[in-house]
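Report on the structure given below.
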Amino acid sequence: MSFKRKLFTCFTLLSVCAALLPGCGKKPESPFTIHSEDCAQGNLAEYRKAYADDNPNAYTVVAPILKTEQGYYDNAGDKNLRLYYHDISSGKDILLCNKPECKHDGNEFCVATNAKYEPLAYQIYDGYLYVAAKCLQEEKLEFKLLRIAPDGSSLTEVATYYGTLAGNAVTADNDTKIGIPEKVDSLLIHRNKAILPFSVEMDEVTGKKAYGTAILDLETKEVTYADENTADEENLPWLFLSAHGDYVYYVRIEDRKRVLHRRSLKDGMDESFSLLTNFTGEYAVLNDDAIAYLRTRGKYLTVYHPSDASNEEHTVYSKKGHVFHMTLDEETGDEIFESVTLETIDPIESYPSALSFDGTYLYVITYPSSLTIQPGHVNAGMVYEGPAFALAHVYDENLKELHQVPIPNPNLLLDPDGYNYEMDPQYNVTGIRIRFLGDEVVYVYLSHVFSCKMDSFLSEKPDFQYVYDRHVR
């Protein structure tokens with residue numbers, strides 16, 4: 001064999017070996033197809049006021065229920081990936097990584113615990129788990145959208161939607177802050193457009209942040225930004241993301257007021273709406289010309305019509321209530337507590353506390369504040385401060401009320417035989433989360449997850465069943 005042929009053969013073998021070695025050469029990205037679909041209306045992220053430093057933008061984003069037909073997904077790692085999958089068929093909780101012999105220790109090949117990424121927001125879209133995350137590499141801070149296979153077989157970087165030199169931002173954890181820091185980083189994918197509000201802390205002492213909102217086209221990977229300056233302290237963060245048709249909806253704090261906006265995904269046209277005062281930020285887009293929303297301390301469900309800028313108020317009436325039954329103690333002659341039942345009552349005005357829309361029904365949640373003592377007793381009308389069920393008022397798109405569904409006390413669901421109505425100091429009715437996912441209703445309280453079929457829910461006697469306990473952070 002000639003010297004040149006030997007040299008060529010050696011070079012070829014070395015090239016093949018280099019390609020096979022991990023970490024050598026650039027690993028080609030696996031192409032994937034994205035099927036355009038709408039976001040799940042009934043399962044959007046929640047925004048809760050954080051009350052940090054009296055900042056009007058101080059909200060924290062609560063991830064939506066992450067569920068596919070096979071199971072539920074949770075990240076238990078807070079600032080690190082630690083993704084768990086609860087398999088419905090087996091009832092097992094599994095770290096979301098199917099690589100054999102993986103130690104799940106944060107290594108770069110572990111889908112569930114890859115320490116390279118700090119997760120910020122989540123969404124199930126097109127059957128995959130999408131994660132907005134940031135990572136620090138080679139003195140550069142980058143924000144990336146990740147796509148994770150539901151069986152834990154792959155983690156793919158879809159695109160980088162913002163980057164800056166690490167020296168321009170605070171990258172170390174700051175544990176000196178008092179209260180709950182704001183977290184406005186979010187994610188909404190709708191019709192193959194990913195809306196990605198993000199924030200970069202610029203000063204560890206003052207907590208000043210630069211805000212931006214990226215709009216990523218999943219098909220072309222093109223990234224545009226909602227503001228003239230990509231990231232700036234003067235930019236207003238996008239909150240309460242939602243989408244309907246060709247529009248994405250969001251709320252901004254302008255002059256300390258929450259203002260609802262609508263932006264076209266086709267031409268980028270942005271418009272704001274004149275809602276009544278004290279808008280809470282909670283709203284549901286019923287159609288292009290009807291937006292239901294809530295107001296602080298308001299007893300009405302209000303609907304805004306963009307076509308003529310009108311607002312109409314609807315009173316929410318409860319036709320079911322809790323009756324506080326008493327019995328006579330034969331020894332003392334005193335009336336003592338016996339039981340609480342949910343009974344038909346004369347309609348009373350109720351204060352709407354939360355709302356959700358799943359594309360078919362509008363759900364308005366009311367929280368009763370007292371129980372009524374059974375008529376005929378000397379203490380009739382006395383307020384009993386104790387546990388009470390919430391009610392879900394179910395409306396069609398035209399605001400016709402169809403059902404009033406009691407939301408059972410979660411502690412009663414967990415222990416129906418041993419539950420005591422009088423002794424329930426742990427239950428806070430405002431802490432429940434109810435998600436409407438088409439043919440299923442998911443009910444979350446603390447770490448407990450319950451589920452029932454939509455048919456059962458609409459029967460007004462929902463058969464919620466315990467599913468599992470989440471890996472809460």
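Figure the gain on full extension for Asp267 and Arg191 (residue separation times 0.36 nm, minus the Cα-Cα span) and round it to one decimal in nm.
25.9 nm
For Lys461, give me every one of the lysines with a C-alpha distance below 22 angstrom, ignoring sequence neighbours fewer than eight places off in its own chain.
Partners within reach: Lys319, Lys320, Lys400, Lys453.
To the nearest 20 debye, what charge dipole does the stretch 200-278 have about its Cα centre, counting +1 at the Cβ of each Lys and Arg and -1 at the Cβ of each Asp and Glu?
Dipole about the Cα centre, nearest 20: 440 debye.
Near the amide H of Glu440, under 5 Å away, which other amide H atoms are found, from residues 5 or more places off or on another chain, if H is placed in the peptide plane?
Residues meeting the criterion, in which the H sits 1.01 Å from N, are Met454.
Could you work out the mean projected area of the convex hull around the alpha carbons of the stretch 77-169, in square nanometres to one decimal?
Quarter of the Cα hull surface area: 6.6 nm².
GluC sites (Glu not before Pro) within the stretch 226-291: which are DSSP loop residues with at most 10 other Cβ atoms inside 10 Å?
Answer by residue number: Glu228, Glu234.
Relative to the Cα centre, what is the charge dipole magnitude of the stretch 236-333, using +1 at the beta carbon of each Lys and Arg, -1 at the beta carbon of each Asp and Glu, and rounding to the nearest 20 debye?
280
Between the alpha-carbon centers of the stretch 240-315 and the stretch 110-126, tell me the distance in whole angstrom.
So the two Cα centres are separated by 31 Å.
Would you pull out the residues with amide H under 5 Å of Gly245's amide H, same chain only if 5 or more places away, H placed 1.01 Å from N?
Answer set, sorted by chain and number: none.
Beyond a 24 Å Cα-Cα separation, which of these cross-linked pairs lie in this structure: Lys79/Lys257; Lys208/Lys266; Lys67/Lys99?
Lys79/Lys257; Lys208/Lys266
Using θ = phi - 60° and the Karplus relation 6.51 cos²θ - 1.76 cosθ + 1.60, list the HN-Hα couplings for the stretch 266-282 in order, rounded to whole Hz, with x at every Gly or Pro.
Result, ordered by residue: 8, 10, x, 5, 10, 9, 10, 10, 8, 7, 5, 4, 6, 4, 6, x, 7 Hz.
Please compute the net charge surrounding Pro150, taking Lys and Arg as +1 and Asp and Glu as -1 over other residues with Cβ under 14 Å from its Cβ.
Local charge sum for Pro150: -3.
What are the residues whose amide H is under 5 Å from the amide H of Ile189, where those residues sit 5 or more places off or on another chain and H is modelled from the backbone?
Long-range HN contacts for Ile189: Ile195.
Computed from the coordinates by the stated procedures, all read-outs in this text should not be read as laboratory data. Being a predicted model, the structure only gives us computed values, none of them experimental. All Cβ positions, even for glycine, are placed from backbone atoms using ideal geometry, and neighbour counts span all protein chains on display.
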